[in-house]
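A short write-up of the structure that comes next.
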Amino acid sequence: MKRDPLSVWAILAIIVTMTTGIALSALPLGAGPDAMIWPNFLLCVSFFWLVHRPLGLPTIAVLFVGLMDDLIGGGVLGAGMLALLIGSLIVRAGSDSLVRSAFGPRWLAFAGFAAVVFVIEWGLTSLPRWSPLPVGVPFAQFLVTVLAYAPVSVLFRKVLRIGRT
Amino acid sequence: MAQYRSRSGIGQIMSRSTLAFAVVFGVLVYVLGASSDPRLEPLRRIALDISAPITGFVSAPFRFIRDATSNFGGFLDVYEQNRTLREDIVQLNQWREVARRFEEENARLRALHNVALAPKFDYITAQVVGSSGGGFNQSVTINVGRTGSIDAGAVALDGGGVVGRVVSVGQRAARILLLTDLASRVPVIVEGAGKKSTEDDGKDEVVRAILVGDNSGAPVLQFATKTEGIRPGQRIVTSSDGGVFPKGLPIGEVERDSDGFRVRLEANFDRLEFVRILLDRTDRTIDADAVLIVSPEGTRTEENPDRPEE
């Protein structure tokens, strides 16, 4: 499939939205056990660009973004990065058909992508402790992240005039 | 991988080598990260310094909305709050007198017993500008770092009690690992759980334990030196075991769990906007004219006559 060429604006939009995605994921909305369950906006933004502008988010960029998110989040370094990398490879494999599909199947694909990333990160975070992490909060975050993809996608389509519903 | 398949020759080789590099790099970072390799610490510091102002800026509108909502709620019951505050002032004035008397009595007793005072602590207040955000770990970022004299290991408190400890320090930001995080282990004392002394030495039995975070709101009390005397409602304070926490900082209260004991924390994580970081101001410099009490040969030598006897 012929890809849209990457304009300077598209590159700028990718950088700004990815940075905002990381920053929004680290908002201090409560802390610890009382923290508000907040979507992982980085996953929403990454998926959107991987589907609509895969050349704008090359593997090295995914690696860098994942590393920054891990560094800022303070978890096991590399766990989120590897999870995002594996998830991005799966999305790339299907991006040609996803970009042509209707919004419903694309949303479903995002749910699958988010599930893969959450499960891998959960596993990689549990591994050094030799005990499984509680799944309650990560599962709740997965659900709100899946819900958040719809408004994020619509907002991007309207503001950046990219993609279709 | 349609994108990779559509390329040919050099492009395909480049894509595959990039992918291989990414996977190897990712695994390497993960292995180092999982083993908490100190070589990654400078990276964490740089990321803290870069991210703290950005998250602070991005979170400003959210904080404004939250504060405005809270203030509006407070405005609606201002009359009730005013009445409660007046009552509190009366009670606090009584407590101030009691505290003053205790302070005087304490000073007299210290003088009588020639007590060596505990290390001196000061504190600095910092704003919480970021949170770990995910469900996998529980930490917060504050907007004070080395410039505020904070070191790794410093204790963080809110108005109620201990919140956690500083694990990573940048130039202008630091990260606090919360007591509730899975990686958190804090040596504590269960007050009132040990037997009272029946002898003249006045030394009561001290029950020590480890407070283990498990990502829930009430960390688990484990490895208690004695469990018979532990009851719900008893106070949990830090112990100085391991030298990380000063002794006696409030943590919470014991509550019973089906598997054992948990601790209901004093700190209010829901409204964690500011924290106090304890700064150790203990003078650890050794006097130039100090002499060894025990010589290398094992014989006792004369102490520095300038030093007061303890």
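If I ask for residues that are modelled with pLDDT under 70 and either open to solvent by less than 90 Å² (accessible area, probe 1.4 Å) or within 14 Å of chain B (Cβ to nearest Cβ) (or both), which ones from segment A:1-17 would you list? Within segment A:1-17, A:1, A:2, A:3, A:4 qualify.
Of the residues making up segment B:174-182, at least one is open to solvent by 20 Å² or more (accessible area, probe 1.4 Å), modelled with pLDDT under 85, closer than 20 Å to residue A:77 by Cα and of a type in the set (A, V, I, L, M, F, W, C).
Scanning segment B:223-234 for residues that are surrounded by 14 or more Cβ atoms within 10 Å (Cβ to Cβ) and farther than 9 Å from residue B:207 by Cα gives a single hit, B:234.
Listed by position, the helices (runs of 4 or more DSSP H) inside segment A:18-136 whose residues that are crowded, with 23+ Cβ neighbours inside 10 Å and modelled with pLDDT under 85 number at least 2 are A:59-73.
Scanning segment B:183-199 for residues that are touching a residue at least 12 places away in the same chain (Cβ under 8 Å) and either open to solvent by 10 Å² or more (accessible area, probe 1.4 Å) or of a type in the set (Phe, Trp, Tyr) (or both) returns B:183, B:185, B:187, B:189, B:191, B:192, B:194, B:195. The residues of segment B:32-73 that are touching a Leu at 6+ places or on another chain (Cβ under 8 Å), at the interface with another protein chain (Cβ under 7 Å from one of its Cβ atoms) and open to solvent by 60 Å² or more (accessible area, probe 1.4 Å), listed by number, are B:43, B:62.
Take the residues in segment B:211-237 that are without any contact (Cβ under 8 Å) to a residue 24 or more places away in the chain and not small (Gly, Ala, Ser); name whichever of them is farthest from residue A:125 (Cα to Cα). Per the criteria, the residue is B:228.
Of the residues making up segment B:235-245, those that are part of a loop (DSSP other than H, G, I, E, B) and either surrounded by fewer than 18 Cβ atoms within 10 Å (Cβ to Cβ) or of a type in the set (D, E, K, R) (or both) number 2. Within segment B:214-230, the only residue that satisfies the criterion of being on the phi > 0 side of the Ramachandran plot and away from chain A (no Cβ under 14 Å) is B:223. Count of segment B:232-247 residues, restricted to those that are under 15 Å from residue B:264 (Cα atoms) and touching a Gly at 6+ places or on another chain (Cβ under 8 Å), is 5. For segment A:129-165, a residue qualifies if it is touching a residue at least 24 places away in the same chain (Cβ under 8 Å) and of a type in the set (Ser, Thr, Tyr), and the qualifying residues are A:145, A:149, A:153, A:165.
For residue A:89, state whether it is under 30 Å from residue B:174 (Cα atoms), among the aliphatic types (A, V, I, L, M) and within 11 Å of another protein chain (Cβ to nearest Cβ). No. Out of all the residues in segment B:141-157, is one or more open to solvent by 10 Å² or more (accessible area, probe 1.4 Å), in contact (Cβ under 8 Å) with a residue 60 or more places away in the chain and of a type in the set (Lys, Arg)? No, segment B:141-157 contains no residue that is open to solvent by 10 Å² or more (accessible area, probe 1.4 Å), in contact (Cβ under 8 Å) with a residue 60 or more places away in the chain and of a type in the set (Lys, Arg). Considering every residue within segment B:8-31, establish whether at least one is within 30 Å of residue B:176 (Cα to Cα), at pLDDT below 85, small (Gly, Ala, Ser) and open to solvent by 50 Å² or more (accessible area, probe 1.4 Å). No, there is no match, as no residue in segment B:8-31 is within 30 Å of residue B:176 (Cα to Cα), at pLDDT below 85, small (Gly, Ala, Ser) and open to solvent by 50 Å² or more (accessible area, probe 1.4 Å). Here residue A:156 clears all of (1) crowded, with 24+ Cβ neighbours inside 10 Å; (2) away from chain B (no Cβ under 12 Å); (3) not aliphatic (A, V, I, L, M) except the condition numbered (1).
The values are calculated or read from the model by the stated rules, or taken from the named source; none is laboratory data. Small disclaimer: the values here were computed from a predicted structure and weren't measured. No Cβ is skipped: glycine too gets one built from the backbone with ideal geometry, and neighbour counts run over all protein chains shown. Heads up: the accessible areas ignore ligands, DNA and RNA and are worked out on the full protein's heavy atoms, side chains in. Shrake-Rupley method; radii C 1.70, N 1.55, O 1.52, S 1.80 Å.
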